[in-house]
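**Student:** Pasting in a structure now, in structure tokens, and then I'll have a few things to ask.
The values are calculated or read from the model by the stated rules, or taken from the named source; none is laboratory data. Fair warning: this is a prediction, and the values are worked out from it, not measured in the lab. Cβ: placed from backbone, ideal geometry, glycine included. Neighbour counts: every protein chain shown.
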């Protein structure tokens, strides 16, 4: 007869994770709010003319995107991923994909021109171009000689 030995730390970690899940559930019931939703990854970079944001939103419903710039320096991206339909009579064995509404708020490093912001969505990636306002763009000043 072979005995398999359980890892005591593995059992401890499972119990701590389970307690954390229960605590989060209790807090959401007491406050009447939903647990914090999963987030989506994004990349932000800038050049002399604009700030660029790319967000991974595979499976999101394009009709429910909301891209908002407030006060010229804060970008909010809201999206929603619908729950997949499962055939009747099936049992879910694991469900790690987030569904529902979610959002990210990003502080921008410089003020941008909200009227000229452009956004596009292709292959599960939302791309947002946020042109900088003229006051923050670098400007080379010509130097006059001999006057």
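**Student:** Only one of (1) surrounded by 10 or more Cβ atoms within 10 Å (Cβ to Cβ); (2) free of Cβ contacts under 8 Å to residues at least 24 places away in the same chain; (3) within 30 Å of residue 23 (Cα to Cα); (4) in contact with a strand residue (DSSP E or B) (Cβ under 6 Å, 6 or more places away or on another chain) is not met by residue 41, so which one is it?
**Tutor:** Unmet condition: (1).
**Student:** Right, another one. Only one of (1) modelled with pLDDT under 85; (2) surrounded by 11 or more Cβ atoms within 10 Å (Cβ to Cβ); (3) in a loop (DSSP other than H, G, I, E, B) fails for residue 28. Which number is that?
**Tutor:** (3)
**Student:** Output yes when any residue across region 48-58 is without any contact (Cβ under 8 Å) to a residue 60 or more places away in the chain and closer than 29 Å to residue 132 by Cβ, and no when none is.
**Tutor:** Kept after step one, since they are without any contact (Cβ under 8 Å) to a residue 60 or more places away in the chain, are these residues of region 48-58: none.
The answer is no, given that none of the residues of region 48-58 is without any contact (Cβ under 8 Å) to a residue 60 or more places away in the chain and closer than 29 Å to residue 132 by Cβ.
**Student:** Still on this structure, I have one more. Give me the residue from region 116-134 that is assigned to a loop (DSSP other than H, G, I, E, B) and in contact (Cβ under 8 Å) with a residue 40 or more places away in the chain and, out of that set, farthest from residue 65 (Cα to Cα). Let's see the steps before the verdict.
**Tutor:** To start, the set of residues in region 116-134 that are assigned to a loop (DSSP other than H, G, I, E, B) comprises 117, 123-124, 133.
Subsequent filtering for residues that are in contact (Cβ under 8 Å) with a residue 40 or more places away in the chain retains 117, 124, 133.
Working: 117: 15, 124: 12, 133: 25 Å.
Result: 133.
**Student:** Give 142, 138, 111 a once-over and let me know the one that is in contact (Cβ under 8 Å) with a residue 24 or more places away in the chain and over 10 Å from residue 72 (Cα atoms). Step through it out loud before you land on a result.
**Tutor:** Numbers: 142 fails: in contact (Cβ under 8 Å) with a residue 24 or more places away in the chain; 111 fails: over 10 Å from residue 72 (Cα atoms).
The match here is 138.
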